[in-house]
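*Asks:* Got a structure here, written out as structure tokens. Questions coming.
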Amino acid sequence: MAAHTTEHFPDQGEQLAIAPMTRGDLDRVVAIERQCFPTAWNRESYERELLNANARYLVARVGELVVGYAGMWVIPPEAHITTIAVEPEHRRRGIGERLLVALLEAAEDMAASRVTLEVRESNSVARTLYAKYGFEAVAYMRGYYPDTGEDAVVMWLNALPGPPPRADTEACGGRP
């Protein structure tokens, strides 16, 4: 799976690694969950998700520290992103975007061709990121979030972009 990646943050010299979530990551995941969401999932919820054959959950590490995570369910041809979160002090560094890209790659690997998610109407940062990758707002779910009664924006990406072109096809008009 394309989820095992490592990159350097150019300005900090730190490594960002995206890898499958394991039970050993759950204490940090739950701690970040509590920082990021008013209604947090508990450890048992994540333990169940890790056993779900249709689910993929990833973590982002800076060095050895888990600083973010993301997950989705895939029942081809559709994938549903269930969560993306980055610890507040590690935001604005591209970690959420890298997690989103890794989820899209994993969805494609699992034969999904469409991806959906819900996002708080007030979360303009996330909505902008999703739009950057082709997600379109298609509906509103009134009062979706029980903690605040806030509406959710339902967004769809109706065609995954497909795998990157192979090196031998780039010279023949492959995608940029």
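*Asks:* Please compute the net charge surrounding GLU150, taking Lys and Arg as +1 and Asp and Glu as -1 over other residues with Cβ under 10 Å from its Cβ. Provide the component values of the computation, followed by the final result.
*Replies:* Details: positive: ARG120, ARG142; negative: GLU121, ASP147, ASP151.
So the environment of GLU150 carries a net charge of -1.
*Asks:* Next question, about the same structure. Go through 101-113, 25-37, 140-152 and give me the packing order, highest mean Cβ count within 10 Å leading.
*Replies:* Values: 101-113: 19.2, 25-37: 17.0, 140-152: 12.8.
Descending mean neighbour count gives 101-113, 25-37, 140-152.
*Asks:* Which residues' amide hydrogens lie under 5 Å from the amide hydrogen of VAL67, considering only partners 5 or more residues apart or on another chain, with H built in the peptide plane?
*Replies:* HN-HN under 5 Å from VAL67: ALA60, ARG61, VAL62.
*Asks:* Please give me, ordered by residue number, the trypsin sites (Lys or Arg not before Pro) of the range 92-141 that lie in loop per DSSP and have at most 13 other Cβ atoms within 10 Å. All intermediate terms of the calculation are to be shown ahead of the outcome.
*Replies:* Details: sites: ARG92, ARG93, ARG98, ARG114, ARG120, ARG127, LYS132; in loops: ARG92, ARG93.
When the trypsin sites (Lys or Arg not before Pro) of the range 92-141 are filtered for loop state and at most 13 Cβ neighbours within 10 Å, ARG92 remain.
*Asks:* Let me ask something else. Over the range 1-113, what is the mean sequence separation of C-alpha contacts under 8 Å (at least six apart), divided by residue count, expressed as relative contact order in percent? Before the final figure, lay out each step's value.
*Replies:* Working: 200 pairs, mean separation 29.2, N = 113.
It comes to 26 percent, rounded to a whole number.
*Asks:* Using the number of other C-beta atoms within 10 angstrom as an exposure proxy, rank LEU58, LEU100 with the fewest first. Display every interim value, and only then the final one.
*Replies:* On the way: LEU58 24, LEU100 21.
Taking fewest neighbouring Cβ atoms as first place, the list is LEU100, LEU58.
Read-outs: derived from the displayed coordinates by stated rules, not from any lab. Predicted, not measured: the structure shown is a model, and the values here were computed from it. FYI the Cβ positions are ideal-geometry reconstructions off the backbone, even for glycines, and counts take in every protein chain you see.
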